[in-house]
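A.B. asks: Before I ask anything, here is the structure I am working with.
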Amino acid sequence: MKYLPNVVYTTKSGLFVRQDKNVGLLVYSQYTGLIFVVHPEDTDNTISWMNFENRLISRSTIHNALGVGWDKKVKEGAFPMPHYLEGQGKWDSRPWPKRFPIVINWLLTGNCPLACRYCDAEDLMRQKRPEPNVEDIKLIASRILLYNPLVVVLSGGEPLISPHLEECIKWLYKRAGIIIDTSGLYLNEEKRELLKKYQVAVRFSIDSPIPKCNDSLRCLSKKRINPGEANNSNSSLKNAIQSLCSSFDENLTVSVQTVATRKTINDLPFFGDRLFSLGIRSWRIHLVSLPKDNINYERLFVPMKSRKNILSKLNRTKKRWKGMDLQILDDMNRNYAVLVSPDGEFLAESNVGKGKILLDSDNPFQPDIHKIFQSVSPKNHAMRYLDSPGSRWRGG
Ligand code: SF4
């Protein structure tokens, strides 16, 4: 079967692929929650291997990164950074998609049981926009799929609170890879079963292994939503770790993302040791971006000198975490993501002003495809999912 360019396919091994003529073969692995790109020269061979048509893949870098979970054990994985597989200078420079986004972030609901000090979704949250009903969810999902994203990330707010989560996942299932961002507070047995059934990778937000520190940054809001469905600890860290361990027990794909602030940055090497010993093999660190309007947030910003020092230290300590994919994102450039609000508008973070901007003001709910990368930087978008731009800040 010939795969058409820009169309997302699920291979027999369960990996999602999309051929992008500007980049190569984009691949999402539901077994790791990671995205890679294979050089065009290796595309046909890699697709055949992922469809069990040939048993061998000649390039070990492709095998080590993409074979995990179906052709080799998780602990045997090796994930080069950047995620351009077997480059060897074959790409003249790092290419990026020019038309179809790699990932679309769908803020499924504006409701959230947390009140994080650095939250940048505040303008879309807590009933500032109408919450979608089930018909809206189907419509928004089908519109998102028109842009052929390799992966849809479900976030919010807290996406596990959405009463339409199952419907949403069913619509996306097998049409795109699915990742869910969560605090873990609502990840009960029933939800874990749902995520497992539909091969949704779970990304937990945890900022520090020290309860006092994590809980003061990721505070539980006083008003609990649907308290009967939530875990009952008063610590956001405890909830996240408990849910993470239960998810591991049930063989869900699990990763962690961390917002690094002035309060937590020095603990990152120790935190990495803890995550590695728990079995985490994918860790994304976001260095908190410069706030535009929030004074509390400003105190969290990490000065440049500390960034350099700690990233230099992280680059040394990560050698202890063999087989862990470590991505460090410097959120100074904000126009990297395609966002969809709970009411279905397609947005990007403004790189100059506060808040979000519409991708196409004439068609807010279904932007012209050519307008997407006018507001979103294609280079920052690709780096966000395939590279570790923050790790370039090496201390000197
Ligand atoms: S969990 Fe996310 S959406 Fe909720 S307050 Fe924290 S940063 Fe904002």
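A.B. asks: Just need a number here: residues in the range 358-396 that are touching a helix residue (DSSP H, G or I) at 6+ places or on another chain (Cβ under 6 Å) and modelled with pLDDT of 90 or more.
C.D. replies: 4
A.B. asks: Residues in the range 204-211: is at least one outside any helix (DSSP H, G or I), within 16 Å of the ligand (Cβ to nearest atom), among the aromatic types (F, W, Y) and in contact with a Gly (Cβ under 9 Å, 6 or more places away or on another chain)? Spell out how you get there, then give the answer.
C.D. replies: The first filter runs over the range 204-211 and keeps only residues outside any helix (DSSP H, G or I), leaving 204-210.
If we keep only those that are within 16 Å of the ligand (Cβ to nearest atom) too, we end up with 204-208.
Next cut, among the aromatic types (F, W, Y) only: 204.
Filter again for in contact with a Gly (Cβ under 9 Å, 6 or more places away or on another chain), leaving 204.
Yes, the range 204-211 contains at least one residue that is outside any helix (DSSP H, G or I), within 16 Å of the ligand (Cβ to nearest atom), among the aromatic types (F, W, Y) and in contact with a Gly (Cβ under 9 Å, 6 or more places away or on another chain).
A.B. asks: Would a scan of the range 241-248 turn up a residue that is closer than 28 Å to L15 by Cα and over 20 Å from the mean Cα position of the chain (by Cα)?
C.D. replies: Yes, the range 241-248 contains a residue that is closer than 28 Å to L15 by Cα and over 20 Å from the mean Cα position of the chain (by Cα).
A.B. asks: Would it be correct to say that L237 is within 22 Å of S282 (Cβ to Cβ), in a helix (DSSP H, G or I) and without any contact (Cβ under 8 Å) to a residue 40 or more places away in the chain?
C.D. replies: On the way: within 22 Å of S282 (Cβ to Cβ): yes; in a helix (DSSP H, G or I): yes; without any contact (Cβ under 8 Å) to a residue 40 or more places away in the chain: yes.
Here the answer is yes, as L237 does meet what is asked.
A.B. asks: Evaluate the range 86-94: report whether one residue or more is under 24 Å from P367 (Cα atoms) and either away from the ligand (no atom under 16 Å from the Cβ) or not assigned by TED's automatic domain parsing to the domain that holds K223 (or both).
C.D. replies: Kept after step one, since they are under 24 Å from P367 (Cα atoms), are these residues of the range 86-94: none.
Among the residues of the range 86-94, not one is under 24 Å from P367 (Cα atoms) and either away from the ligand (no atom under 16 Å from the Cβ) or not assigned by TED's automatic domain parsing to the domain that holds K223 (or both), which makes the answer no.
Yes/no matrix, rows are residues, columns are (1) surrounded by 22 or more Cβ atoms within 10 Å (Cβ to Cβ); (2) out of contact with any helix residue (DSSP H, G or I) (no Cβ under 7 Å at 6 or more places or on another chain); (3) modelled with pLDDT of 95 or more:
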{"residue": "N45", "(1), (2), (3)": "no, yes, no"}
{"residue": "F100", "(1), (2), (3)": "yes, yes, yes"}
{"residue": "C116", "(1), (2), (3)": "no, no, no"}
{"residue": "R126", "(1), (2), (3)": "no, yes, no"}
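A.B. asks: Which one of the conditions (1) surrounded by fewer than 18 Cβ atoms within 10 Å (Cβ to Cβ); (2) within 16 Å of the ligand (Cβ to nearest atom); (3) assigned to a loop (DSSP other than H, G, I, E, B) does K174 fail to meet, given that it meets all the rest?
C.D. replies: If we test K174 against (1) surrounded by fewer than 18 Cβ atoms within 10 Å (Cβ to Cβ); (2) within 16 Å of the ligand (Cβ to nearest atom); (3) assigned to a loop (DSSP other than H, G, I, E, B), just (2) comes out false.
A.B. asks: Next question, about the same structure. Among F79, F52, which is among the hydrophobic types (A, V, I, L, M, F, W, C) and within 21 Å of Q327 (Cα to Cα)?
C.D. replies: Numbers: F52 fails: within 21 Å of Q327 (Cα to Cα).
Unique residue meeting the criteria: F79.
A.B. asks: Test D136 against the criterion of being at pLDDT 90 or above and either touching a helix residue (DSSP H, G or I) at 6+ places or on another chain (Cβ under 7 Å) or in a helix (DSSP H, G or I) (or both), and give yes or no. Step through it out loud before you land on a result.
C.D. replies: Details: at pLDDT 90 or above: yes; either touching a helix residue (DSSP H, G or I) at 6+ places or on another chain (Cβ under 7 Å) or in a helix (DSSP H, G or I) (or both): yes.
Taking the combined requirement at face value, the residue satisfies it.
A.B. asks: Residues of the range 120-169 being within 16 Å of the ligand (Cβ to nearest atom) and among the hydrophobic types (A, V, I, L, M, F, W, C), which ones?
C.D. replies: Of everything in the range 120-169, those that are within 16 Å of the ligand (Cβ to nearest atom) and among the hydrophobic types (A, V, I, L, M, F, W, C) turn out to be A121, L124, M125, V153, L154, L160, I161, L165.
A.B. asks: Among the strands (runs of 3 or more DSSP E) contained in the range 34-119, which hold 2 or more residues that are in contact with a His (Cβ under 7 Å, 6 or more places away or on another chain)? Please lay out each step first, then the result.
C.D. replies: On the way: elements: 34-38, 103-107, 114-116.
In the range 34-119, the matching strands (runs of 3 or more DSSP E) lie at 34-38.
A.B. asks: Another question about this same structure. Residue check, I57 against (1) among the β-branched types (V, I, T); (2) in contact (Cβ under 8 Å) with a residue 60 or more places away in the chain; (3) over 23 Å from V103 (Cα atoms), all met but one. Which one?
C.D. replies: Result: I57 fails condition (2) only.
The values are calculated or read from the model by the stated rules, or taken from the named source; none is laboratory data. The structure presented is a predicted model; accordingly, all values stated were derived computationally and were not measured. Please note: Cβ atoms are built from the backbone with ideal geometry, for glycine as well, and neighbour counts cover all protein chains shown.
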